[in-house]
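Trainee: Input: one structure, supplied below.
The values are calculated or read from the model by the stated rules, or taken from the named source; none is laboratory data. Because the structure is predicted, anything quoted here is derived from the model rather than measured. Neighbour counts are summed over all protein chains in view; Cβ atoms, including those assigned to glycine, are modelled from backbone coordinates with ideal geometry.
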Amino acid sequence: MENYLEAFFKAVQGTLDWTWKSILFEVPWYTNYFWGLIVISLLVWALEVLFPWRKNQGVFRKDFWLDGFYMFFNFFLFAIAISGIYKILQVFFSNNGITVKSLAIIAMENWPMWGQLLVFFLVLDFVQWFTHILLHKYAFLWNFHKVHHSVKEMGFAAHLRYHWMENIFYKPLKTFGVMLLGGFEPEQAYIVHFMAITIGHFNHANIKITWGPLKYIFNNPVMHLYHHAYKLPKGKFGVNFGISLSLWDYLFKTNYIPEESGQIRLGYPGDEHLPKDFLGQVTHGFSSKGKA
């Protein structure tokens, strides 16, 4: 037990120290996700202001500040709090002979860097796409995912507006994806992470981009807006589940873009019952009231 507690506190302290050093510019710029997130957010927000898709939407749209807080809570504060739990699990598996290489099906160490990054990106994105489908398909998981779908006006910060329980669902499956790669994460993996943040911000932004022919590969604001549509096609529990890539939706026939005006109602039936405040939302989903 002492080993687990020591691992827990060391992990939390390490993540806290790294975050603080990031704020003070004491880490390499390419791993500084704190200021990286701020710069990407400001750039995408500037595009929203200069080239708004829905011109009736304000610069400070509905829930702008709430979503801004969610960005830092989910990306940093919760990451610090949960890092100790993940470390305990790592120590437990290690003590029982289970390593990140146990499920390895690909060994990429000797691949060219571009190949490593491409496979790493594809595997993680597919795992997230599949997890996203589960969040919509099963009622227990949907109760938490409702927080993300309660957005009524889309903007870049809505990207990271989600219930903290989603971290619990996504992280193990993403770790599983890395285990399939032999536990290997490319040295330049920060490129993939920053790309994912940027694409995610664009997908939720109030700008109209489809990437031309590349829309069949990369997700985009038009496609993702219909993921947030209040009214879904008959018999569907969701559409356009892509995170960074639209590729999976087109391959597995979950794509749906009936038109491109951007003037559609967002949310889901019953979203008026979701608490409007942060505390109410992050405790949502555990009670019978949350399941209504």
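Trainee: Which condition from (1) in contact with a Phe, Trp or Tyr (Cβ under 9 Å, 6 or more places away or on another chain); (2) surrounded by fewer than 21 Cβ atoms within 10 Å (Cβ to Cβ); (3) within 14 Å of residue 122 (Cβ to Cβ) is the one that residue 251 breaks?
Mentor: Against the list (1) in contact with a Phe, Trp or Tyr (Cβ under 9 Å, 6 or more places away or on another chain); (2) surrounded by fewer than 21 Cβ atoms within 10 Å (Cβ to Cβ); (3) within 14 Å of residue 122 (Cβ to Cβ), residue 251 comes up short only on (1).
Trainee: Hey, among the residues in segment 260-280 that are acidic (Asp, Glu) and more than 23 Å from the chain's Cα centre (by Cα), which one's farthest from residue 227 (Cα to Cα)?
Mentor: Selected residue: 272.
Trainee: Looking at segment 157-178, which of its residues are closer than 20 Å to residue 203 by Cα and either part of a helix (DSSP H, G or I) or touching a Ser or Thr at 6+ places or on another chain (Cβ under 9 Å) (or both)?
Mentor: 157, 158, 159, 160, 161, 166, 167, 170
Trainee: Here's a follow-up. Take the residues in segment 116-129 that are at pLDDT 90 or above and not hydrophobic (A, V, I, L, M, F, W, C); name whichever of them is farthest from residue 167 (Cα to Cα).
Mentor: 125
Trainee: Checking the structure you have, find out if any residue of segment 51-68 is farther than 20 Å from residue 159 by Cα, at pLDDT below 95 and either in contact with a Lys or Arg (Cβ under 7 Å, 6 or more places away or on another chain) or hydrophobic (A, V, I, L, M, F, W, C) (or both).
Mentor: No - not one qualifying residue is present in segment 51-68.
Trainee: If we keep just the residues of segment 36-52 that are without any contact (Cβ under 8 Å) to a residue 60 or more places away in the chain and within 23 Å of residue 193 (Cβ to Cβ), which is nearest to the chain's Cα centre (by Cα)?
Mentor: Taking the candidates together, the pick is 38.
Trainee: Another question, if that's okay. Give, as residue ranges, the helices (runs of 4 or more DSSP H) completely inside segment 1-93 that count at least 2 residues that are loosely packed, with under 14 Cβ neighbours inside 10 Å.
Mentor: In segment 1-93, the matching helices (runs of 4 or more DSSP H) lie at 2-23, 33-50.
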